[in-house]
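J.: Provided herewith is a single structure, encoded as structure tokens, for subsequent inquiry.
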Amino acid sequence: MIAAAPATHQLLDTARAFMKAEFAHEATRARACALLVRQALENCLDIFWSRRAPGLTSAPMRVQLLCLREYTSDTAAADTTAQTWYELSAACHARGYGLPPTRGALSAWIANVESLDALLAPRPPTD
């Protein structure tokens, strides 16, 4: 296992704890949770790119998301990852007219990142 891998799980565990915690402002809790999930997603991709295409680790996230379709066998998962990242990015920015993400949306994003982590995890060589 790669040494940095636990960070993804730690970020997601912290996000789950935030979902259960009580904050004075619900929007603060929801946006903090969304930020943790987005960091977990980006961590998954950093670990993956460092193994598969190290030059992409410094590329903009949009480029990484476009390239993900070519580097994985599951293009639907790559598309879901891109959509999740865009939704998380929007959720992390407070706007006067926007509502914070719901618990259902946060739970779905966590599940998407867990699926991505499983998809991108290194596989032991088969003989």
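J.: Run the numbers for residue 123 and residue 83: contour at 0.36 nm per residue of separation, minus the present Cα-Cα distance, in nm. Mind showing how you got there, number by number?
T.: Values: separation 40, 0.36 × 40 = 14.40 nm, distance 2.53 nm.
Extra length from residue 123 to residue 83 when fully extended: 11.9 nm.
J.: With θ set to phi - 60° and the Karplus curve 6.51 cos²θ - 1.76 cosθ + 1.60, what are the ³J(HN,Hα) couplings of segment 11-20 in order, to the nearest whole Hz, using x for Gly and Pro?
T.: With coefficients 6.51, -1.76 and 1.60, one gets 5, 5, 5, 5, 4, 4, 5, 4, 4, 8 Hz.
J.: Once you have the Cα-Cα distance between residue 13 and residue 99, take 0.36 nm times their residue separation minus that, and quote the gain in nm to one decimal. Walk me through the numbers on the way to the answer.
T.: Values: separation 86, 0.36 × 86 = 30.96 nm, distance 2.37 nm.
Gain on stretching residue 13 to residue 99: 28.6 nm.
J.: How big is the charge dipole of the chain about its Cα centre, in debye rounded to the nearest 20, if each Lys and Arg gets +1 on its Cβ and each Asp and Glu gets -1 on its Cβ?
T.: 280
J.: Also, quick follow-up: Compute the convex hull volume of the Cα atoms of the chain, divide it by the residue count, and report the result per residue in Å³ as a whole number.
T.: Taking the convex hull of the Cα positions in the chain, it is 115 Å³ per residue.
J.: Dipole magnitude of segment 71-127 about its Cα centre, charges +1 at Lys/Arg Cβ and -1 at Asp/Glu Cβ only, in debye to the nearest 20? Mind showing how you got there, number by number?
T.: On the way: 3 positive and 6 negative charges, 64 e Å.
Its charge dipole is roughly 300 debye.
J.: For a quick check of your reading of the filter: which chymotrypsin sites (Phe, Trp or Tyr not before Pro) in segment 22-126 sit in a DSSP loop and have no more than 13 other Cβ atoms within 10 Å?
T.: Details: sites: 23, 48, 49, 71, 85, 86, 97, 109; in loops: 23, 97.
Of the chymotrypsin sites (Phe, Trp or Tyr not before Pro), the ones in loops of segment 22-126 whose Cβ has at most 13 other Cβ atoms within 10 Å are 23, 97.
J.: A follow-up question, please. Which residue, 58, 107, 89, tops the fluctuation ranking in a GNM of the chain built on C-alpha contacts under 10 Å?
T.: Evaluated over the chain, the most mobile residue of the options is 58.
J.: Using a Förster distance of 25 angstrom, determine the FRET efficiency expected from the C-beta separation of residue 21 and residue 107, and round it to 0.05.
T.: Numbers: r = 15 Å, r/R0 = 0.59.
The value I calculate is 0.95.
J.: Just from its helices, what would the mean residue ellipticity at 222 nm be for the chain, if runs of 4 or more DSSP H residues each count -39500 (n - 2.57) and the sum is divided by every residue, rounded to the nearest 500 deg cm²/dmol? Please list the in-between numbers first.
T.: Numbers: 5 runs with 90 residues, N = 127.
Mean residue ellipticity at 222 nm (helix-derived): -24000 deg cm²/dmol.
J.: If the elastic network links every pair of Cα atoms under 10 Å, which of 102, 84, 72 fluctuates the most in the Gaussian network model of the chain?
T.: Taking springs between Cα atoms under 10 Å, the residue moving most is 72.
Taken together, the values in this text are just the output of simple stated rules run on the coordinates, not laboratory data. The structure presented is a predicted model; accordingly, all values stated were derived computationally and were not measured. For neighbour counting, all protein chains shown are included, and Cβ atoms are generated from backbone atoms with ideal geometry for every residue, glycine included.
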